[in-house]
Amino acid sequence: MTTGESDRLTLAALVALERAGGEGSIAATAWAPGRCTLVGEHVDYAGGQVLCVAVDLGIAAAARRSDTGRFLVASGETVVTRASADPNGDFADRVLAPVVALRERGVRVPAVELGIAATLPAGAGLASSAALMVATATAILRLLGLTMTARDLAAVALSAERDVLGIPCGPLDQRAVVDSPDGGALLLDCATGREEPVAWPWPDAALAACDTGTQHDVGGAEYRRRREETEQGLAMVGVSTCQELTEARIDSFDLEPGIRRRLLHVIGENRRAVEAADAMRHADLVALGRFMSASHRSLRDLHEVSTPALDATVSAAEGVRGCFGARMVGAGFGGTVVALVTRESSEACMRAMAAACGGTTFLLRPSPGVAGLSPDVVRG
Ligand code: GLA
């Protein structure tokens, strides 16, 4: 996102806040990007490696102290006021979850009023929840004049989603939103926490995206089931992460076919993420595209998290000259498809994807994570 665009979004968050809460004390603001996985989907909770970028669509939050002692959350026309930040089943739960998570870490957060604005589509597989958690937490820390390490900020955002809201997500989204490097991708090892920046070497390649308009499912039963099956499978063959797995080991156990497919997905996807990072280091666009398409096939056939709309959109993108590969992004069961294309074929690719599913298209540009954007709040 250009400074102009993130400024406009921040202004929209401030306007939402003032419209709902009237004039008040000075607000602190923050902006957090979404994330697009390049290769390495559904492996974070299996201790795998993920190659991902933060993107230039995101969420802005404006936070100010409440004069009334009540919390207020405003986004567009939706306004909620309440006495407590604890979840109670309304729209404000997701915005206030970071307040609860920060308090659980010992940060004394007073009652606050929050305005939210987004360019990132919600529920589209681009980590809008993580971006919301990180933007809100960062604005609150800024309001209180506090700093936090990048690791702690990502941990607060993860705890807000997982422990406060009960969404069974892995560590990928929060780390990508906080730590992605400027002008490149992040190779994240979810077993050790190690991160490596990988430069984006192609000025004339682009990520063309299509939100199919069907909601993805990270909080839902199917995501939870895939996660449980994968964890069960790893335990059955006696390893704790997919990085320790081999095909021979999988074959030496008499596994139920569904569990076997989950393990074959995580072992292959982890390997592909590492190879995809290598392809980027060697500026091998063709190889990265091939890994992206292979990732989609594995998510479709082995992890079984794709849908006919996602598959049709991927095929449509792959049929465009100048497209190197395409795949679904995020938890699946709906959401977004991303295609790696030459800049000059991006329009044609977006048209083909939209025609396949009737969805909304946009370009995604690799962007820095919040650690790079908020050095006054995030240290280390
Ligand atoms: C969602 C989850 C992540 C990860 C992805 C799939 O975005 O929040 O933890 O599991 O799905 O890779």
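The values are calculated or read from the model by the stated rules, or taken from the named source; none is laboratory data. For clarity, every value in this text was computed on a predicted model and none was experimentally measured. Glycine gets a Cβ as well: all are built from the backbone with ideal geometry, and neighbour counts include every protein chain shown. In case anyone asks, the SASA skips ligands and DNA or RNA and just uses the protein heavy atoms, side chains included. Shrake-Rupley method; radii C 1.70, N 1.55, O 1.52, S 1.80 Å.
Using a cut-off of 15 Å between beta-carbons, work out the net charge of the residues near residue 191 (Lys and Arg +1, Asp and Glu -1, residue 191 not included).
-4
Go through region 161-177 residue by residue and turn each phi into a ³J(HN,Hα) via Karplus (6.51, -1.76, 1.60, θ = phi - 60°); whole Hz please, and just put x for glycine and proline.
Values per residue, Gly and Pro as x: 6, 7, 7, 7, 9, x, 8, x, 7, x, x, 4, 4, 5, 5, 5, 5 Hz.
With a Förster radius of 25 Å, plug the Cβ-Cβ distance of residue 8 and residue 363 into 1/(1 + (r/R0)^6) and report the FRET value to the nearest 0.05.
Numbers: r = 17 Å, r/R0 = 0.70.
So the FRET efficiency works out to roughly 0.90.
Taking only protein heavy atoms into account and a 1.4 Å probe, give the accessible area per residue of the chain in Å². Kindly include the intermediate steps, with their values, before the conclusion.
On the way: 14410 Å² over 380 residues.
Heavy-atom accessible area per residue stands at 38 Å².
Suppose each label sits 7 Å from its Cα in the direction of the beta carbon; what would the residue 297-residue 281 distance come out to in nanometres?
2.5 nm
How much length would be gained if the chain were fully extended between residue 82 and residue 202, taking 0.36 nm per residue of separation minus their Cα-Cα distance, in nm to one decimal?
Gain on stretching residue 82 to residue 202: 38.3 nm.
Could you tally the net charge around residue 101, taking each other residue with its Cβ under 15 Å from the Cβ of residue 101, Lys/Arg +1 and Asp/Glu -1? Could the numbers behind the result be given before it?
Details: positive: 94, 103, 105, 108, 151, 162; negative: 86, 93, 104, 152, 161, 163, 173.
That works out to -1.
Answer with one residue from 246, 267, 335: the one whose Cα lies farthest towards the positive end of the charge dipole of region 235-380, charges on Cβ with Lys, Arg +1 and Asp, Glu -1.
335
Could I have the simple spin-label model distance between residue 235 and residue 347, label points 7 Å from Cα toward Cβ, reported in nm to one decimal?
The answer from the label model is 5.5 nm.
Over the chain, calculate the relative contact order: mean separation of alpha carbon pairs under 8 Å at least 6 apart, over the residue count, as a percent.
Values: 901 pairs, mean separation 87.7, N = 380.
Normalised by residue count, the contact order of the chain is 23 percent.
Taking just the alpha-carbon atoms of region 1-85, what radius of gyration and Dmax come out, in angstrom?
In Å, with Rg to one decimal and Dmax whole: 16.9, 48.
Divide by every residue of the chain the summed helix terms, -39500 (n - 2.57) for each DSSP H run of at least 4, and state the resulting mean residue ellipticity at 222 nm, rounded to the nearest 500 deg cm²/dmol.
Working: 12 runs with 157 residues, N = 380.
The per-residue figure over the chain is -13000 deg cm²/dmol.
Given the convex hull of the Cα atoms of region 277-321, what is a quarter of its surface area in nm²? Let's see the in-between values first.
Values: hull surface 14.0 nm².
For region 277-321, averaging the hull's shadow over all directions gives 3.5 nm².
Per-residue HN-Hα couplings for region 36-48, Karplus 6.51 cos²θ - 1.76 cosθ + 1.60 at θ = phi - 60°, whole Hz, x for Gly and Pro?
Listing the rounded values in order: 10, 6, 8, 8, x, 8, 6, 10, 4, 7, 10, x, x Hz.
Assuming 0.36 nm per residue, please report the length gained on full extension of the stretch residue 19 to residue 312 beyond their Cα-Cα distance. Can you show the working numbers first?
Details: separation 293, 0.36 × 293 = 105.48 nm, distance 4.24 nm.
Answer, rounded to one decimal: 101.2 nm.
Report the percentage of all Cα-Cα pairs in region 271-380 whose separation exceeds 16 Å, rounded to a whole percent.
Working: 3699 of 5995 pairs.
Tail of P(r) above 16 Å: 62 percent of Cα pairs.
What's the longest uninterrupted piece of the chain once you rule out the trypsin sites (Lys or Arg not before Pro) that are loop residues per DSSP with at most 10 other Cβ within 10 Å?
On the way: sites that count: 108, 194, 321.
Result, exposed sites excluded: 195-320.
To the nearest 10 square angstrom, how much accessible area does residue 240 have with a 1.4 angstrom probe?
Accessible surface of residue 240 is approximately 90 Å².
Placing unit charges on C-beta atoms (Lys and Arg positive, Asp and Glu negative, everything else neutral), compute the dipole magnitude of the chain about its Cα centre in debye, rounded to 20. All intermediate terms of the calculation are to be shown ahead of the outcome.
Details: 36 positive and 46 negative charges, 75 e Å.
Dipole about the Cα centre, nearest 20: 360 debye.
In the P(r) worked out for the chain, what percent of Cα pairs fall beyond 27 Å?
On the way: 33205 of 72010 pairs.
Summing the P(r) tail past 27 Å for the chain gives 46 percent.
Using alpha-carbon positions, what is the distance between the centroids of region 120-198 and region 307-337, in Å?
Answer, in whole Å: 25.
Determine the sum of side-chain charges near residue 81: Lys and Arg each +1, Asp and Glu each -1, restricted to other residues whose C-beta is under 10 angstrom from that of residue 81.
Charge balance near residue 81 sits at +1.
Rounded to two decimals, what ratio of Rg to Rh does region 32-141 give with C-alpha atoms and a Kirkwood Rh? All intermediate terms of the calculation are to be shown ahead of the outcome.
On the way: Rg = 15.1 Å, Rh = 14.9 Å.
For region 32-141, the value is 1.02.
Can you compute log10 of I(q)/I(0) for region 205-366 with the Debye formula, treating each Cα as one identical point scatterer, at q = 0.08, 0.10, 0.11 Å⁻¹?
For region 205-366 at q = 0.08, 0.10, 0.11 Å⁻¹, log10 I(q)/I(0) is -0.25, -0.39, -0.47.
Give me the three principal axis extents of region 230-292 from the C-alpha atoms, as integers in angstrom, largest value leading.
Projected onto the principal axes, the Cα atoms of region 230-292 cover 40, 19, 18 Å.
Please report, as a whole percent, how much of the solvent-accessible surface of the chain comes from carbon and sulfur atoms (probe radius 1.4 Å).
C and S fraction of accessible area: 50 percent.
Mark the label point 7 Å from the Cα of residue 68 along Cα→Cβ and return the residues of region 20-55 whose backbone N is within less than 20 Å of it.
Counting backbone N atoms under 20 Å from the label point, the list is 20-28.
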